[in-house]
């Protein structure tokens with residue numbers, strides 16, 4: 001069995017995108033060493049260049065061929081982006097803090113491509129049946145965008161079940177992005193495939209999501 005999954009999206013053939021499974025990614029070969037960054041649940045977006053390796057950021061982008069953007073996750077949402085012309089790619093680490101504070105919007109500004117040209121794939125994240133959050137998370141979204149309330153279901157006293165995928169879709173659509181794919185995994189329940197920070201109580205590995213474009 002392959003130890004990675006590929007997005008099911010109508011990206012141009014020059015676009016290469018993968019998310020590793022918990023079995024690792026030894027099957028994958030890259031044109032260059034991926035540009036790994038230090039993720040801190042920020043809204044920092046940087047260009048994927050060799051000089052920026054290991055800098056603090058939660059999204060990277062590049063217009064350069066063979067430059068590999070990568071984010072790591074274990075319940076948070078990996079968001080991979082390309083344009084129809086296959087000239088730009090980006091990878092976003094979107095936990096609830098990053099989503100609430102605008103990591104998607106900041107990344108789209110950095111890419112500087114028309115929203116109608118963009119394709120987005122939502123990779124494996126914790127599913128809406130398992131992502132219990134408090135009132136603080138609910139308010140972090142709904143006080144900024146009332147329509148975010150549709151992504152929350154009341155659970156127990158002061159607790160909600162949140163749909164990370166839907167929260168991301170709402171933000172993307174607000175920016176004019178309509179071609180959104182993926183969003184049908186659950187890292188928590190699909191234990192055979194994915195690591196989950198919550199399920200494994202913090203003692204877990206990470207999934208890596210990669211994207212680049214060939215010349």
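Scan the strands (runs of 3 or more DSSP E) fully inside the stretch 119-183 and keep the ones with 2 or more residues being more than 24 Å from residue 59 (Cβ to Cβ).
132-134, 152-154, 159-162
Which of the residues spanning the stretch 201-215 are more than 17 Å from residue 94 (Cβ to Cβ), in contact (Cβ under 8 Å) with a residue 40 or more places away in the chain and surrounded by fewer than 20 Cβ atoms within 10 Å (Cβ to Cβ)?
204, 205, 214, 215 - these are the residues of the stretch 201-215 that are more than 17 Å from residue 94 (Cβ to Cβ), in contact (Cβ under 8 Å) with a residue 40 or more places away in the chain and surrounded by fewer than 20 Cβ atoms within 10 Å (Cβ to Cβ).
For residue 99, which of the numbered conditions (1) within 12 Å of residue 209 (Cβ to Cβ); (2) in contact with a helix residue (DSSP H, G or I) (Cβ under 6 Å, 6 or more places away or on another chain) fails to hold?
Unmet for residue 99, out of (1) within 12 Å of residue 209 (Cβ to Cβ); (2) in contact with a helix residue (DSSP H, G or I) (Cβ under 6 Å, 6 or more places away or on another chain): (1).
Filter the stretch 47-67 for residues that are part of a loop (DSSP other than H, G, I, E, B) and free of Cβ contacts under 8 Å to residues at least 60 places away in the same chain and give the result.
Answer for the stretch 47-67, where residues must be part of a loop (DSSP other than H, G, I, E, B) and free of Cβ contacts under 8 Å to residues at least 60 places away in the same chain: 48, 49, 53, 54, 55, 57, 58, 63, 64.
Filter the stretch 22-45 down to the residues that are assigned to a strand (DSSP E or B), modelled with pLDDT of 95 or more and surrounded by fewer than 19 Cβ atoms within 10 Å (Cβ to Cβ) and list them by number.
Within the stretch 22-45, just 38 meets the criteria.
Here's a check for you: in the stretch 70-106, which residue that is in contact with a strand residue (DSSP E or B) (Cβ under 6 Å, 6 or more places away or on another chain) and surrounded by fewer than 22 Cβ atoms within 10 Å (Cβ to Cβ) is farthest from residue 43 (Cα to Cα)?
Filtering first and then ranking leaves 86.
List pairs: first residue in the stretch 131-159 and closer than 23 Å to residue 201 by Cα, second residue part of a loop (DSSP other than H, G, I, E, B) anywhere in the structure, Cβ distance under 7 angstrom, at least six positions apart or on different chains.
Pairs that qualify, where the first residue is closer than 23 Å to residue 201 by Cα and the partner is part of a loop (DSSP other than H, G, I, E, B), are 132/155; 134/158; 135/158.
Filter the stretch 47-66 down to residues that are in contact with a helix residue (DSSP H, G or I) (Cβ under 9 Å, 6 or more places away or on another chain) and buried (at least 19 other Cβ atoms within 10 Å of the Cβ), then give me how many there are.
Here the count works out to 4.
State yes or no: is residue 133 buried (at least 24 other Cβ atoms within 10 Å of the Cβ) and either farther than 22 Å from residue 151 by Cβ or in contact with a strand residue (DSSP E or B) (Cβ under 9 Å, 6 or more places away or on another chain) (or both)?
In short, no.
For the stretch 107-126, state whether one or more residues are surrounded by fewer than 16 Cβ atoms within 10 Å (Cβ to Cβ), over 20 Å from residue 74 (Cβ atoms), modelled with pLDDT under 95 and over 14 Å from the mean Cα position of the chain (by Cα).
no
Checking residue 85 against (1) part of a strand (DSSP E or B); (2) under 16 Å from residue 212 (Cβ atoms), only one condition comes out false. Which one?
(1)
State whether the residues of the stretch 152-163 include one that is modelled with pLDDT of 95 or more and closer than 24 Å to residue 37 by Cα.
No, because not a single residue in the stretch 152-163 is modelled with pLDDT of 95 or more and closer than 24 Å to residue 37 by Cα.
The values are calculated or read from the model by the stated rules, or taken from the named source; none is laboratory data. Just so it is clear, the model here is predicted, and its values are computed rather than measured. When we count neighbours, we look across all protein chains shown, and the Cβ atoms used for this are built from the backbone with ideal geometry, even at glycine.
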